[in-house]
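Below: one structure, written as structure tokens.
The values are calculated or read from the model by the stated rules, or taken from the named source; none is laboratory data. What you see is a predicted model; the values in this text were computed from it and never measured. Ideal geometry is used to build each Cβ from the backbone, glycine not excepted, and the neighbour counts take in all protein chains shown. What goes into the accessible areas is simple: the full protein's heavy atoms, side chains included, and nothing from ligands, DNA or RNA. Shrake-Rupley method; radii C 1.70, N 1.55, O 1.52, S 1.80 Å.
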Amino acid sequence: MKTWRDERILSLFGIDLPIIQAPMAGVGNAQLAIAVARAGGLGSLPCALLSVDKAREAVTLIRTQTAAPLNLNFFCHAPSPRDEQRLAAWSEIIRPHAVSAGLPLEPTLPAHPGIDTFNESWCAFLENVAPEVVSFHFGLPDAALVARVRAAGAKIVSSATTVAEARWLAANGCDAIIAMGTEAGGHRGTFLPGELDTQAGTLALVPQIVDAVDTPVIAAGGIADGRGLAAALMLGASAVQIGTAYLLADEIALPPIYRHALEQAGDQSTVLTNIFTGRPARAIVNRAVRELGPLSAHAPQFPFAGLALASLRAHAEAAGSDDFTPLWSGQSVSLARALPAAEITRRIAGQALDVLRQQ
Ligand SMILES: Cc1cc2nc3c(=O)[nH]c(=O)nc-3n(C[C@H](O)[C@H](O)[C@H](O)COP(=O)(O)O)c2cc1C
């Protein structure tokens, strides 16, 4: 039975529903991917904060639970050198805020920010586990690595935050392009130079990218229910990628302070901030964002900005405070429901079909 008018993404990935569960580093896990895959969407495993061993463990678990296609997701930023002077200056900017919060700021910064970029070892891992889809954030890795990912049998996807980025991704061999509007939670996928302020929201970005490239487009940002999915399809997207609407899913064990912040959040709760990692990302406004950002010219380069905040964050969290925690979230946070992920997926698809049948 033909249900969805545009089946390009369904046949490209081998899925039943035009819903991709967004990879969400630090939040998404094997259980979430399994639940969405079983419901007919594309399950994704974010690998940016995992070791290769942890990722292998998660993929093994997913493969034993479902034969459905799987998306593995990676950051692919060009690593920037650690700038000790800039880190020290950033620590000095943070210090008075630590003092006024009554929290200690450790003088020694952690050695490694713990965010990995796609490299030779990850590529070898992919060749071994052969995921059906690989999605990248912050552009694409070197052409030689992309060629190896393709040779391993994966469809290749990446995010565009502008029409120029979409054209670049299409020209560099992406099989599908995520059009990421400014409503989206987490890091902007931006990889070409440009102004953050002039980036478009999903409603404006999707049709302009659809018109600019022949590659199928996946809409992302602010889509959290069937109305959003139907609207994205009407704009010419072939599927949607949904993150924030899964944040309260039963399969995710969110720290209670993060969960509480999401439950309290409304339409004006989030902002784009670079203070937690050095790259702009959408998060719920908290003390750190208010006092240090939202956008600071002093934040060290990605991903080092978070190092200076790490001890402060740990002390605050131990005291039950979210003052210095990155509370990643998109603008549709109040539409998120605390339900099993399969039910979230089926509800969004069912509501969208109802809306579309009324056309
Ligand atoms: C908590 C969180 C973490 C995210 N981490 C990643 C990630 O690791 N890789 C990635 O490609 N996108 C990441 N994103 C962006 C999502 O893939 C997706 O584009 C976005 O969530 C869509 O917008 P929405 O949140 O309004 O649904 C993240 C988003 C959130 C909310």
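Number of residues in region 75-99 that are loosely packed, with under 15 Cβ neighbours inside 10 Å and closer than 29 Å to N286 by Cβ equals 11. I'd like to check something: does region 187-207 contain any residue that is within 19 Å of L32 (Cβ to Cβ), within 13 Å of the ligand (Cβ to nearest atom) and of a type in the set (G, A, S)? No, every residue in region 187-207 fails to be within 19 Å of L32 (Cβ to Cβ), within 13 Å of the ligand (Cβ to nearest atom) and of a type in the set (G, A, S). Scanning region 18-38 for residues that are of a type in the set (A, V, I, L, M) and either surrounded by 21 or more Cβ atoms within 10 Å (Cβ to Cβ) or more than 8 Å from the ligand (Cβ to nearest atom) (or both) gives I19, I20, A22, M24, V27, A30, L32, A33, I34, A35, V36, A37. Answer yes or no as to whether V271 is without any contact (Cβ under 8 Å) to a residue 24 or more places away in the chain, in contact with a Ser or Thr (Cβ under 6 Å, 6 or more places away or on another chain) and either among the charged types (D, E, K, R) or on the phi < 0 side of the Ramachandran plot (or both). It is false that V271 is without any contact (Cβ under 8 Å) to a residue 24 or more places away in the chain, in contact with a Ser or Thr (Cβ under 6 Å, 6 or more places away or on another chain) and either among the charged types (D, E, K, R) or on the phi < 0 side of the Ramachandran plot (or both). Here L72 meets each of (1) within 20 Å of G243 (Cβ to Cβ); (2) surrounded by fewer than 22 Cβ atoms within 10 Å (Cβ to Cβ) with one exception, condition (2).
Tell me whether region 276-295 contains one or more residues that are under 19 Å from W90 (Cβ atoms), open to solvent by 20 Å² or more (accessible area, probe 1.4 Å) and out of contact with any Ser or Thr (no Cβ under 9 Å at 6 or more places or on another chain). Yes, there is a match, as at least one residue in region 276-295 is under 19 Å from W90 (Cβ atoms), open to solvent by 20 Å² or more (accessible area, probe 1.4 Å) and out of contact with any Ser or Thr (no Cβ under 9 Å at 6 or more places or on another chain). For region 220-254, residues that are within 9 Å of the ligand (Cβ to nearest atom) and not in a helix (DSSP H, G or I) total 10. With respect to the conditions (1) farther than 26 Å from S11 by Cβ; (2) among the acidic types (D, E); (3) assigned by TED's automatic domain parsing to the domain that holds F191, E92 falls short on a single one, namely (3). Among the helices (runs of 4 or more DSSP H) confined to region 266-359, the ones with at least 2 residues that are within 14 Å of the ligand (Cβ to nearest atom), of a type in the set (V, I, T) and within 19 Å of the chain's Cα centre (by Cα) are located at 341-357.
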